[in-house]
1. How many of the residues in the range 82-122 are under 29 Å from Arg141 (Cβ atoms) and either more than 15 Å from ligand 2 (Cβ to nearest atom) or at pLDDT below 50 (or both)?
2. Can you confirm whether Arg196 is part of a strand (DSSP E or B) and in contact with a His (Cβ under 7 Å, 6 or more places away or on another chain)?
3. Could you tell me which residue of the range 464-477 is most open to solvent (accessible area, probe 1.4 Å), considering only residues that are out of contact with any helix residue (DSSP H, G or I) (no Cβ under 9 Å at 6 or more places or on another chain) and at pLDDT below 85?
4. Being of a type in the set (A, V, I, L, M) and either open to solvent by 30 Å² or more (accessible area, probe 1.4 Å) or in contact with an Asp or Glu (Cβ under 6 Å, 6 or more places away or on another chain) (or both) is the filter here; which residues of the range 185-194 pass it?
5. Consider Asp69 carefully, then state whether it is within 9 Å of ligand 1 (Cβ to nearest atom), surrounded by fewer than 19 Cβ atoms within 10 Å (Cβ to Cβ) and at pLDDT below 95.
6. Counting only residues that are touching a residue at least 24 places away in the same chain (Cβ under 8 Å) and open to solvent by 70 Å² or more (accessible area, probe 1.4 Å), which one in the range 195-226 is nearest to the chain's Cα centre (by Cα)?
7. Is there any pair with a first residue in the range 123-135 that is assigned to a loop (DSSP other than H, G, I, E, B) and a second that is crowded, with 17+ Cβ neighbours inside 10 Å and among the charged types (D, E, K, R) whose Cβ atoms are under 8 Å apart and which are 6 or more apart or on different chains, and what are they?
8. If you scan the range 188-213, which residues turn out to be within 17 Å of Ala165 (Cβ to Cβ) and small (Gly, Ala, Ser)?
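The values are calculated or read from the model by the stated rules, or taken from the named source; none is laboratory data. None of these values were measured; they are calculated from a predicted model. Reconstructed Cβ throughout: ideal geometry from the backbone, glycine too, with neighbour counts over all protein chains shown. Heavy atoms of the whole protein, side chains included, go into the accessibility calculation; ligands, DNA and RNA do not. Shrake-Rupley method; radii C 1.70, N 1.55, O 1.52, S 1.80 Å.
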Amino acid sequence: MTRRIAILPDAVADQIAAGEVVERPASVVKELVENALDAGARHVRVLLEQGGKTLIEVSDDGTGMGREDAVLALDRHATSKIRSAADLVGVSTFGFRGEALPAIASVSRLGLATSDGEAEGSQLAVTGGRLDRVDPAARQRGTTVTVRGLFFNTPARRKFLRSTASETRAAHDTLATLALAHPAAGFELEVDGVTRLQVPTGQDLVERLAAVWGRELAGTLVPLGYAAGAFRVEGFVQRPADAKPTGRRTQLFVNGRPFKDPFLIRAAEAGYRSSIHPGDRPSMLLAITVAPDAVDVNVHPAKLEVRFRDRIGVERVVEEAVRDALGRLGAAALIGGQADRTIGGQADRRAGRQWSEPWDPALQSELLPAGPPDRRSAQFAPPLIQVFDTYLVYEAPEGIVIVDQHSAHERVLYEAVIAQLRGGGSAAQGLLLPLTLELTDEELDALETYEQEIRAVGFEVEPFGGRTVALHAVPAPHPRFDGGACFRETIADLARGRFGGWANRLERFAATFACRAAIKAGQSLSEPEMRQLLLRLFEADLPPHDVHGRATIVQLPREELERRFGRR
Ligand SMILES: Nc1ncnc2c1ncn2[C@@H]1O[C@H](COP(=O)(O)OP(=O)(O)OP(=O)(O)O)[C@@H](O)[C@H]1O
Ligand SMILES: [Mg+2]
């Protein structure tokens with residue numbers, strides 16, 4: 001009787017601990033693989049059946065255990081320190097040293113086969129936390145843990161398991177994360193008899209990344225390295241042009257420990273600014289280093305959450321790190337890194353022109369200058385041609401450069417509108433006769449929401465009764481600008497939430513307006529207009545992508561021509 005009373009609290013305690021540590025098959029995989037790595041395994045093999053619902057098996061070639069240790073490993077009293085009731089109150093923040101194996105064993109039928117390579121190996125069988133038998137077993141050094149019928153004795157929790165596909169995916173992700181955190185160890189995942197992941201022992205991080213995420217994705221990543229204040233960030237981020245709305249991979253580490261944090265991912269995305277389309281989700285691996293006391297990694301033992309003391313600081317540094325990496329990429333990708341030499345460049349930039357004021361009337365006329373080319377355009381010497389009324393083409397020392405005129409102008413306008421909105425200036429061109437427009441309810445809502453920005457870029461608009469508004473003045477970003485059409489299209493885009501993924505309302509408006517206000521494909525441009533557009537593009541120091549993340553500039557390198565014509 002006394003004995004039963006002594007056993008019952010243990011079983012309950014184990015099951016409670018299991019609720020924290022063992023949520024689903026993926027968490028079992030995490031605990032068992034971490035144990036294997038702790039035991040110095042060079043290779044870890046994971047086997048799943050039905051997403052781990054019927055079987056999870058983890059085998060390693062680590063140190064293994066002698067028989068006594070193996071029995072102790074399954075007994076939480078033997079390995080864990082005695083806790084007071086007070087400790088248990090804060091249990092989720094204390095970690096679970098010595099509790100993982102007993103917790104898993106309490107909610108499954110667990111087999112443990114192990115050998116330390118010296119004495120005879122052992123085979124243990126546990127059912128719902130009760131040790132059934134201990135037998136001798138012949139095996140090599142290392143350990144195999146077999147977990148069958150997870151949650152067989154806690155049906156309420158078993159009900160919470162998701163579909164086989166979903167549990168498999170979660171376990172796969174968990175192992176992929178561990179494989180990235182430990183590139184030197186080899187890993188293998190077999191799901192219902194099919195190998196899903198296989199990475200060899202002894203890789204470095206770059207090789208491991210290519211092996212786990214695939215060479216194709218890894219080939220679209222650029223390295224990142226940045227330090228500011230208390231934080232250092234290293235890793236890889238995807239080139240903006242390769243980011244897609246689906247299929248992205250992300251991985252975060254803090255001081256070498258994997259964790260999840262959607263807000264940090266968001267901060268990294270903010271570092272892309274407008275170089276990706278709002279719907280695009282770039283892949284990234286970011287490893288953050290910070291003083292150990294600046295981060296609490298024990299917030300949740302199974303869920304991989306951490307808490308940074310300086311939350312705002314870490315988000316800012318991550319955003320800056322991404323911006324910095326992409327900035328250097330932009331400089332390199334832009335006409336093979338020759339942008340500065342080709343188009344006036346740094347010296348020209350320092351000559352100090354205010355390109356960020358597009359509604360300065362003097363500047364407007366520059367898109368269609370009447371007089372002789374000014375100082376700056378004189379420096380941009382190569383002959384320019386427009387092809388298909390859409391692309392501007394010229395020769396640079398490194399090759400032939402092709403610029404999409406709409407995309408380039410959109411990019412220039414975007415930056416200009418942002419500057420304009422921040423500066424609060426406005427320059428409208430009064431219309432001789434006001435234009436009246438009928439709007440939908442949604443469009444009227446959008447007009448109300450963005451009223452301030454709409455005014456700031458130079459539209460003067462007033463209610464005209466009912467759903468009709470009167471447009472008294474419009475901006476004039478270029479001579480072919482159709483103010484009425486631009487207004488209508490911009491309002492329609494805002495109303496149907498185009499660029500909705502853009503977190504910042506200002507950027508959302510700027511992107512929408514720039515897209516609608518820019519010179520379009522199919523519009524013929526004069527030579528001076530082309531020259532001015534390119535000057536403004538390069539002066540603005542912009543990434544080589546438009547607000548949709550499409551390429552603005554494409555280069556045909558000279559070597560490529562030489563190769564094609566058999567000259568090298
Ligand atoms: N694969 C393994 N190889 C060798 N020893 C192991 C293995 N798995 C578990 N052990 C031993 O069993 C003990 C208990 O493991 P368990 O996972 O329960 O606790 P822990 O790893 O010490 O702490 P935590 O609860 O944080 O995981 C370990 O400390 C280790 O000594
Ligand atoms: Mg453990």
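1. 15
2. Values: part of a strand (DSSP E or B): yes; in contact with a His (Cβ under 7 Å, 6 or more places away or on another chain): yes.
Answer is yes for this residue.
3. So the first thing to find is which residues in the range 464-477 are out of contact with any helix residue (DSSP H, G or I) (no Cβ under 9 Å at 6 or more places or on another chain), and the list is 464-466, 468, 470, 472.
With at pLDDT below 85 added as a condition, the list becomes 464-466.
Working: Phe464: 126, Gly465: 49, Gly466: 81 Å².
My answer is Phe464.
4. Going through the range 185-194, the residues of a type in the set (A, V, I, L, M) turn out to be 185, 189, 191, 194.
Across the range 185-194, the qualifying residue is only Val194.
5. Working: within 9 Å of ligand 1 (Cβ to nearest atom): yes; surrounded by fewer than 19 Cβ atoms within 10 Å (Cβ to Cβ): yes; at pLDDT below 95: yes.
Yes, satisfied.
6. In this case the residue turns out to be Pro223.
7. Gly128/Arg109; Gly129/Asp14
8. Matches in the range 188-213: Gly193 only.
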